[in-house]
1. May I ask for the angle, rounded to the nearest 10°, between helix 211-226 and the longest principal axis of the chain, with both axes built from Cα atoms and the value confined to 0 to 90°?
2. Please arrange 175, 82 by how many other C-beta atoms lie within 10 Å of their C-beta, fewest to most.
3. When the helices in the chain are scored as -39500 (n - 2.57) per DSSP H run of 4 or longer and the sum is shared across all residues, what 222 nm value do you end up with, to the nearest 500 deg cm²/dmol?
4. Which residue, 25, 178, 13, has the most motion in a Gaussian network model of the chain that connects Cα atoms within less than 10 Å?
5. Just to be sure I understand: with springs between alpha-carbon atoms less than 10 Å apart, which residue in 271, 124, 12 has the highest mean-square fluctuation in the Gaussian network model of the chain?
6. Between residue 74 and residue 47, 0.36 nm times their residue separation minus their Cα-Cα distance comes to what?
7. Please determine, in degrees from 0 to 90 and to the nearest 10, the orientation of helix 256-267 with respect to the longest principal axis defined by the Cα atoms of the chain, where the helix direction is its Cα long axis.
8. Whole angstrom only: what separates the Cα centroid of the range 36-85 from the Cα centroid of the range 224-283?
């Protein structure tokens, strides 16, 4: 620990997940390096996390907030600005998974997923940008997904919501660059967290045209998460990015083949790449 982040105010949404989540790992890593994490989450578990940091002498704060609610987010940013006088970094980590045949996923669940994975991060950025613009500085890190680079079978809604956030980041990055504000994407692959338990699974319907293929794919997806990378790798990547003077537009973190799949999509003909995915998912 070199405390290179000493005194930096880092706001982390989705930071009250269960122990071992990416959000919790990020908060602990940054706190160990001298940052002051501000936890923003709708889960009351965050009170315990902030208290644990305070016992270590870290002036942390938890604000129980629904990031999809613009009024709540504006109030949260106001509290942060009043307490600390600045916001150095915002990490948009709040997100939820969703699986199922697109035909069979209830539309309400599709909307809920986009609310958390896309509109939530947008509301966080809209709330934080005036403070950063006034400071003439700030860094926003959006946690997306390698799945956002491709339409994956039975994960199409998740891919779409994360892919949309990638594009929003690209556009907004150019819009705010002249204000001294930097924005970047970090796309993780599969990590060994409890995300599988927290995601919405469309039920495998007996007699459905998708029963066999979706059921098998669901088992494979869960096994990928169980054998995924250590969340501390994501935390280390975030720490490195925060120290980078001019962050890139996109970062990918995870297993080599997951990252390489993005390269393959770029260089292979569409029909070949599609066939490769279908073979992988045994479709």
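1. 40
2. Numbers: 175 11, 82 8.
Starting with the residue having the fewest Cβ neighbours, the order is 82, 175.
3. Numbers: 11 runs with 138 residues, N = 283.
Calculated from helices alone, the mean residue ellipticity at 222 nm is -15500 deg cm²/dmol.
4. Greatest mean-square fluctuation among the candidates belongs to 178.
5. 271
6. On the way: separation 27, 0.36 × 27 = 9.72 nm, distance 1.98 nm.
The span from residue 74 to residue 47 would gain 7.7 nm if fully extended.
7. Compared with the principal axis, the helix lies near 70 degrees.
8. 30
Readers should treat all values here as calculations from the given coordinates under stated rules, not as data from a laboratory. This is a predicted model, so every value here is computed, not measured. Don't worry about glycine lacking a Cβ; one is built from the backbone with ideal geometry, like all the others, and counts go over all protein chains shown.
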